[in-house]
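Let me begin by presenting the structure, written as structure tokens, before commenting on it.
Quick note: the coordinates plus some simple rules give every number you see, no bench work behind them. In this text, all values refer to a predicted model and were calculated from it rather than measured experimentally. When we count neighbours, we look across all protein chains shown, and the Cβ atoms used for this are built from the backbone with ideal geometry, even at glycine.
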């Protein structure tokens with residue numbers, strides 16, 4: 001059973017359609033020139049130019065925590081619900097991480113949107129955030145990946161997302177109002193900006209943040225042993 005620990009809610013605007021969101025995502029073309037990540041204290045005023053990488057770049061605009069808030073290691077996944085290799089990670093690797101590290105209090109996990117495949121990616125992300133309003137983000141997240149059947153082939157259509165919400169046990173009036181009003185447009189846009197600021201060009205992409213706040217990058221659907229090696233190295237040091 002996945003344990004959900006909800007972080008602070010985020011005040012977000014409404015009324016942006018999925019099509020507008022996708023167009024906005026395509027406009028974000030800022031990449032870092034530096035090879036290594038530089039984490040700085042979160043500034044009160046952002047300077048012009050390239051975005052500064054802070055801990056909020058990794059941890060903000062995200063899902064609720066999965067696991068204990070006291071876990072010394074944080075695993076950050078940037079994903080797209082239509083992504084083939086995100087689905088591979090979910091089915092081949094995530095369950096072992098959950099069992100061996102998250103449920104044992106060693107690792108906590110968050111999911112961040114990087115909706116780069118198509119409009120259905122955006123509406124699927126909206127569905128998960130609207131489920132989060134009712135404390136069921138991770139259940140809806142899992143339902144999406146358990147129903148994955150390809151990229152841009154209609155499995156994440158609005159009708160199917162509605163059915164997934166019913167299967168998850170959500171209050172359908174509340175969930176439908178959230179979807180109709182695009183209540184979570186800003187958090188999805190902001191998460192995509194974070195991905196661009198970190199120089200990501202594909203999904204899934206992972207950042208493992210250790211007890212000393214050092215960050216290790218893992219790209220693609222890496223096997224469980226890769227995550228295990230990183231986690232154990234951080235726990236030993």
With each pseudo-label sitting 7 Å past Cα toward Cβ, what's the residue 237-residue 84 distance in nm, one decimal? 3.4
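Most exposed first by the Cβ proxy, i.e. fewest other Cβ within 10 Å, how do 159, 113 rank? Before the final figure, lay out each step's value.
Values: 159 8, 113 30.
By the 10 Å Cβ count, ascending, the order reads 159, 113.
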How much length, in nm to one decimal, is gained on full extension between residue 166 and residue 104, taken as 0.36 nm per residue of separation minus their Cα-Cα distance? 19.2 nm
Quick one: Cα centre-to-centre distance for region 73-108 and region 146-213, in angstrom? 15
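Would you list 235, 59, 144 from fewest to most Cβ contacts within 10 Å?
Details: 235 14, 59 17, 144 24.
Least to most surrounded, the residues fall as 235, 59, 144.
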What FRET efficiency would be calculated for the residue pair residue 152, residue 96, taking the C-beta separation as r and a Förster radius of 25 Å, to the nearest 0.05? 0.25
Likely footprinting exposure, 94, 139, 151, 167, fewest C-beta neighbours within 10 Å first: 167, 151, 139, 94
